[in-house]
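A short worksheet on the structure shown next.
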Amino acid sequence: MASKDTSISMSVVRRLPRYYRFLYDLKENGVVRISSRELAERMGLTASQIRQDLNCFGEFGQQGYGYLVDQLYDELYRILGMDKLTPSILLGAGNLGHALINHMNFSSKGVSLDGIFDDAPTLIGQEIHGITIQGTSGLEAFCAQNHPQLAILCIPKEAAPELVTRLINCGVKAFWNYSHYDIALHHPEVLVENVHLGDSLMALSYLINQS
């Protein structure tokens, strides 16, 4: 997401990647055209919801004809910003950071991972996927040269406040935040997507116990 758009709700924005995934599967299966009703049945939504969501971004499809799968997929590719890679860095190359780097295809999500930082002496100097892990003392110099817009935080909560401030001062505009530090509370001017891996598990635990 390149910028905050107050005219489009976050609930709509959060559905876009799901549309994108479903359209990819349709393309792979050779589907050329699909109606909003058929897409709704596959996704467990309503046809009117899909039309309302897509109409936020323009006119796609024709009444009585439906959507051209290739065309709509390409439009969502552009809307999601996948056509230009966002320069990014990751802080925290421990177990979580290492797992993300090894298993996440960043470029397929519109992100270019350009730098990895950690302060553990045993990690500094190691390489992950051709990127050398650097100490955070070099953050400012790296940012001045590479201009990352996104930071992925896989660091302890207590380490986050200072590093977030430094990164914002370096021009970082958005955070994919695994740290549990409330960035938005202290820095409302930046974009934040918080990831609390345990929350969905606790929600499932609640649902299981209620049933």
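The values are calculated or read from the model by the stated rules, or taken from the named source; none is laboratory data. From a predicted model like this one, the values you see are computed outputs, not experimental measurements. Every residue, glycine among them, receives a Cβ derived from its backbone with ideal geometry; neighbour counts consider all protein chains shown.
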State yes or no: is A160 surrounded by 13 or more Cβ atoms within 10 Å (Cβ to Cβ), assigned by TED's automatic domain parsing to the domain that holds L191, touching a residue at least 60 places away in the same chain (Cβ under 8 Å) and not charged (D, E, K, R)?
no
Would you pick out the residues in region 127-157 that are crowded, with 16+ Cβ neighbours inside 10 Å, over 13 Å from A93 (Cβ atoms) and either outside the structural domain of N169 (by TED's automatic domain parsing) or out of contact with any Pro (no Cβ under 9 Å at 6 or more places or on another chain) (or both)?
L139, C143, A151
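Test D74 against the criterion of being under 23 Å from Y20 (Cβ atoms), without any contact (Cβ under 8 Å) to a residue 60 or more places away in the chain, of a type outside the set (S, T, Y) and part of a loop (DSSP other than H, G, I, E, B), and give yes or no.
Answer is no for this residue.
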Taking the conditions exactly as written (touching a residue at least 40 places away in the same chain (Cβ under 8 Å), under 17 Å from I155 (Cα atoms), out of contact with any Gly (no Cβ under 8 Å at 6 or more places or on another chain) and buried (at least 16 other Cβ atoms within 10 Å of the Cβ)), does G97 satisfy them or not?
yes
Mind telling me which of the residues G97, G138, G125, G115 ends up being at positive phi and either assigned to a strand (DSSP E or B) or of a type outside the set (D, E, K, R) (or both)?
G125
Qualifying position, being closer than 23 Å to L100 by Cα and touching a helix residue (DSSP H, G or I) at 6+ places or on another chain (Cβ under 8 Å), among H196, H186, H180:
H180
